[in-house]
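Take a look at the structure below.
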Amino acid sequence: MNFSKYLRFAVVGACALAACKGGPPTATKPGKYSSTTGIEYNTEEGMKVSDYQGIPEGPGLVFIEGGRTVLGSAEEDVAMTHDNIERTVTLASFYMDEAEVANIHWLEYLHFVRKDSAEEFYQSALPDTTVWARELSFNDPYVDYYLRYPGFRYFPVVGVSWLQANDYCTWRTAKVNERLAGEGDEGDSGSKGGGLFGRKKNKGGDAAEGTSDDGGKAKIAIENGNTLPNYRLPTEAEWEYAAQALIGTQETGNENQENKRIYPWDGRQVRNAYGKGMGQFLANFKRGRGDYAGIAGSLNDGAMITEYIYNYPPNDYGLYNMSGNVNEWVQDIYRPLSYEDVEDLNPFRRNGFLDPSEKYDKKGYQSLIDDHVRVYKGGSWRDVAYWLSPGTRRFMAEDSATATIGFRCAMINAGSNK
């Protein structure tokens, strides 16, 4: 190797290591050359390194800054379950929907599913509107009108099981990333709207071309950096942390968490204690036996059933209705001892680890617990104030649905260690 060629390689290497006056390389400014080999990126010999300006903005999401907190019930355990005792954990930052998934969002989902997926899957995606039906109550109009009548567009979708909510998250991920990647309906994302969920049949009954059960064509590469991570249900810890919204009580420069909240707002009461809204209820819940909304001319929370998803003041993270309106599904399976079993960094309870379902006598009707029951949180329009506290928890079978449970989506803060 002659001297000039050696000098050229030395200069390239120095530029790669020092990023040529631009400082050390970063995710958004990796430089033109590899800082370990000196090989130029995006050449025939070098590796392709896509432009990256940070995680794209996800529709409907709010950033939740993570940190240390104390999870668990802050009130007397009136149900005597002792299943959420206080403990200190740390949560990484994440994103969460600012409001509950509404009827209009689910109808959009059904629209694309019907266009692009098998009829069998479309039928399985329909909410159970009969959850409103009660033998000794005239809720019949809600059975027919709640999901589809335009006036209920921005009321939370209900009658949705945990399994259906997960399918929605999968579809939403594909549809949003299809748009962000600029692929459109003819792209190679493999999402094809609802085509993730089975083949669309043509008139002859055969599977339509261009789709397959596993999404068909090549998936969008996460290395491109132009797509979002998966929408998903929040973990129980994430949901409880976001509902606490203790960021609103934190003093600048003080690392001690000196305040605790019973509800997602300040104070020990469910009425607004400040300003023009003083005395108004801060959530949609059942005030007492037979009292869902107060008396005519002086309604308390103003809602006999569910309510507009943006009603009531948001908490200090900007999240609406983290207490009341509808309970919300979270990812975790239910176990009464999760608080002492799960780890203290990003705690999460998944199937198949510790506390096996065989220990619970469900067949003998001595227990309701197995590997198909999921936690739900937050309280609803039909619950008393006790269930509005973020530390309370209940569970239900993952394939069941009620008029009091909805959901919202979450997403990791990809590309960050915070």
Query - Number of positions in the stretch 350-383 that are modelled with pLDDT of 95 or more and aliphatic (A, V, I, L, M) - result: 2
Query raised in the report: Given (1) on the phi < 0 side of the Ramachandran plot; (2) of a type in the set (A, V, I, L, M, F, W, C); (3) in a loop (DSSP other than H, G, I, E, B), where does Leu163 come up short, assuming only one miss?
Result: (3)
Query - Number of positions in the stretch 343-369 that are without any contact (Cβ under 8 Å) to a residue 60 or more places away in the chain and either surrounded by 15 or more Cβ atoms within 10 Å (Cβ to Cβ) or touching a Cys at 6+ places or on another chain (Cβ under 8 Å) (or both) - result: 4
Report task. Could you please let me know if Leu368 is in a loop (DSSP other than H, G, I, E, B), over 27 Å from Leu319 (Cα atoms) and either touching a helix residue (DSSP H, G or I) at 6+ places or on another chain (Cβ under 8 Å) or polar (S, T, N, Q) (or both)? Result -> no
Report task. Name the single residue, out of those in the stretch 128-152 being within 26 Å of the chain's Cα centre (by Cα) and crowded, with 19+ Cβ neighbours inside 10 Å, that is nearest to Tyr308 (Cα to Cα). Result -> Phe152
Query - Unique match (being under 16 Å from Arg393 (Cα atoms) and touching a Phe, Trp or Tyr at 6+ places or on another chain (Cβ under 8 Å)) among Asn284, Asn315, Asn327 - result: Asn327
Query raised in the report: Checking Gly182 against (1) among the small types (Gly, Ala, Ser); (2) crowded, with 19+ Cβ neighbours inside 10 Å; (3) assigned to a loop (DSSP other than H, G, I, E, B), which single condition isn't satisfied?
Result: (2)
Requested in this report: Mind telling me which of the residues Asp77, Asp116, Asp97 ends up being buried (at least 18 other Cβ atoms within 10 Å of the Cβ), among the charged types (D, E, K, R) and under 23 Å from Gly391 (Cβ atoms)?
Outcome: Asp97
Query - Leading residue by the ranking (surrounded by the most Cβ atoms within 10 Å (Cβ to Cβ)) among those in the stretch 241-300 that are of a type in the set (S, T, N, Q) and under 23 Å from Trp387 (Cβ atoms) - result: Asn284
Query raised in the report: In the stretch 312-341, which residues are touching a helix residue (DSSP H, G or I) at 6+ places or on another chain (Cβ under 8 Å) and either closer than 22 Å to Thr88 by Cβ or outside any strand (DSSP E or B) (or both)?
Result: Asn315, Asp316, Tyr317, Leu319, Met322, Ser323, Gly324, Val330, Gln331, Asp332, Arg335, Ser338
**Report entry** Candidates Glu76, Glu45, filtered to the one that is over 22 Å from Pro347 (Cα atoms) and assigned by TED's automatic domain parsing to the domain that holds Lys32
**Finding:** Glu45
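The values are calculated or read from the model by the stated rules, or taken from the named source; none is laboratory data. All values reported here derive from a predicted model rather than from experimental measurement. Neighbour counts are summed over all protein chains in view; Cβ atoms, including those assigned to glycine, are modelled from backbone coordinates with ideal geometry.
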